[in-house]
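Inspection log for the structure reproduced underneath, given as structure tokens.
FYI, it's all coordinate maths here, none of it is from the lab. In this text, all values refer to a predicted model and were calculated from it rather than measured experimentally. Cβ sites come from the backbone with ideal geometry, for glycine too, and all protein chains shown count toward neighbours.
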Amino acid sequence: MEAPKGSLVIGGAGLKSISQFTLETIMHIEKANQVFYCVSDPIAEGFIRSKNANAEDLYQYYSNSKERMATYIQMAEVMLKAVREGLQVVGIFYGHPGFFVGPAHRAIAIALDEGYSARMLPGISSMDCLFADLLIDPADHGCQIVEATEILVRGRTLQTSTNVILFQVGCIGVTGFHLTDMKNPHFQSLVDRLEKDYGLDHPVVDYRAATSPLEESSINRHTIADLRKPEVQEGISTASTFYLPPKIALPVVEGLEQLGLNPRMNCSPMMYPPHPFNASLFPASSPYGDMEMEAIASLRSDTGLEGYRPYSASIAMQKTMESLSTNIGAIEKYKASPKDFVAAITGLELSEEKALESGSADLVKSVMHGYQDEKFTTAIIKGTAAIIKGTTAIIKGTTAIIKDTTTPPH
């Protein structure tokens, strides 16, 4: 049975006006028959409309007398109706489209259940902005992400040895919507819980990402005790996100050598740069200690990565790959017939032509760095055009078919 012709793509607008749209998202907006959007900035709204005149604002479905869940169901259904009519539909939501965006997940799930093509594109979320503005690396100490109401409703355990990020602290337990006066009657219950887990003196950051080129992100440092002050509570909005640095440092387990880990490199209690919000718990080392000076000194004699080759693609190859990355029409033609697509391009090297004809992303990347000999795998599986790494086949004008079941991990 032939699949339905309508389709759904959900993308994100990011937070800061139009500067955080991805090229991929813009490409889909321009190609769509119908665009639906729910963004937090009129500049982004105008930008979407400039890319596609068939655009409708989903924000209109909110109501001061309606539960937000009902609004989200309606938003999803409006998009699905257009999909069922056979249209190529794009939905755009502020931030990352899958990050606290219920209607996006609902619409995609229903579309897939009904046999339509549906997918989500990655975008820049408020958490991405937080990591950048607060200079937090989730790889240091780990990271726990929790919706504030969930902490109270389900008694979620807060991992106080990690970076903790609490979302929607400005509308705890609120299921309705108010355009200009959103209340937060249960905030005190959250403060009670944070005090229990962290104590009164632990730092907490009230963070709001910038949504306009005319403003900076808001970063307000408090202690948990400060959260009980009326003047502090008044400054907390529905856009607020709380960041809490680790309260405790976990000890290093024994037997690291058996795991092949070097305590000096992997588990040093000292770090640089110091933790921006709890330097007393994680004291800073010198930026130029013995290990750092040793690494810097070795630059003089460092021979570099064995087998490394610098970028060496032709201008034609670079422009072709840029087109395939930003033009839906180009990628559709390529997928229909890679060989015919390549035949229409002038200026490609022979190895580049063969790589493109193979349909293998790995081979294309390899050829753009000049890997064309026995030092690098260039085998292609016919039909799927997948690279089987670990072989020593050479591409010479035609596609080699090699099946290697002993491929080592890379």
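What residues qualify as long-range amide H neighbours of SER7, i.e. H under 5 Å apart, gap of 5 or more or another chain, H built at 1.01 Å from N?
Sorted by chain and number, the residues that satisfy this are LEU87, GLN88, VAL89.
Would you grab the residues whose amide H sits under 5 Å from the one on GLU147? Only those 5+ places off in sequence or on another chain, please, with H modelled 1.01 Å from N.
The list, which skips near neighbours in sequence, is PHE167.
Mean-square fluctuation check for the chain, GNM, Cα pairs under 10 Å: which of ILE124, ILE172, ILE110 is largest?
Residue with maximal mean-square fluctuation among ILE124, ILE172, ILE110: ILE110.
Can you work out the Karplus-derived ³J(HN,Hα) for every residue in segment 65-75? Use 6.51 cos²θ - 1.76 cosθ + 1.60 with θ = phi - 60°, whole Hz, and x for glycine or proline.
10, 10, 5, 4, 4, 5, 4, 5, 4, 5, 4
Between ALA361, ALA82, ALA70, which gets the highest mean-square fluctuation from a Gaussian network model of the chain, Cα cutoff 10 Å?
ALA361
Name the long-range amide H neighbours of ILE92: under 5 Å, sequence gap of 5 or more, or other chain; modelled H, no Pro or chain starts.
Close amide H contacts, sequence-distant or interchain: GLY11, PHE36, TYR37, CYS38.
Of the candidates ALA355, ALA32, ALA118, which one comes out as most mobile in a Gaussian network treatment of the chain with C-alpha springs shorter than 10 Å?
The residue that fluctuates most here is ALA355.
Residue by residue through segment 82-87, what is 3J(HN,Hα) from phi via Karplus (6.51 cos²θ - 1.76 cosθ + 1.60, θ = phi - 60°)? Round to whole Hz and write x for glycine and proline.
Rounded to whole hertz, the list is 5, 4, 5, 7, x, 8.
Quick check on segment 1-103: take the gyration tensor over C-alpha atoms, sort the square-rooted eigenvalues as a ≥ b ≥ c, and tell me if it's rounded (a/c under 1.5), prolate or oblate.
Since a/c reaches 1.5 but b/c is at least a/b, the shape of segment 1-103 is classed as oblate.
Label ALA70 and LYS5 with points 7 Å out from Cα along Cα→Cβ: what is the distance between them in nm?
3.6 nm
In whole angstrom, how long is each semi-axis of the equivalent ellipsoid of segment 211-337, when you take the square root of 5 times every eigenvalue of its Cα gyration tensor and sort them from largest down?
After diagonalising the Cα gyration tensor, the semi-axes are 41, 34, 16 Å.
Convert each backbone phi in segment 351-364 into a coupling constant with the Karplus relation 6.51 cos²θ - 1.76 cosθ + 1.60 (shift: θ = phi - 60°), then list the ³J(HN,Hα) values in order as whole Hz, x for Gly and Pro.
Couplings: 5, 5, 4, 5, 5, 5, 5, 5, x, 8, 5, 5, 5, 4 Hz.
Can you compute the helix-only [θ] at 222 nm over the chain? Use -39500 (n - 2.57) per DSSP H run of at least 4 residues, normalise by all residues, nearest 500 deg cm²/dmol. Provide the component values of the computation, followed by the final result.
Values: 15 runs with 137 residues, N = 410.
About -9500 deg cm²/dmol.
Sticking with the crude label model, points 7 Å out along Cα→Cβ, report the distance from LEU261 to ASN33 in nm, one decimal please.
Each label point is offset 7 Å from its Cα along the Cβ direction, giving 5.4 nm.
For Cα extents along the principal axes in Å, one of [x] 74, 65, 40; [y] 105, 65, 44; [z] 72, 64, 44 was computed from the structure I shared and the rest are decoys. Which label?
[x]
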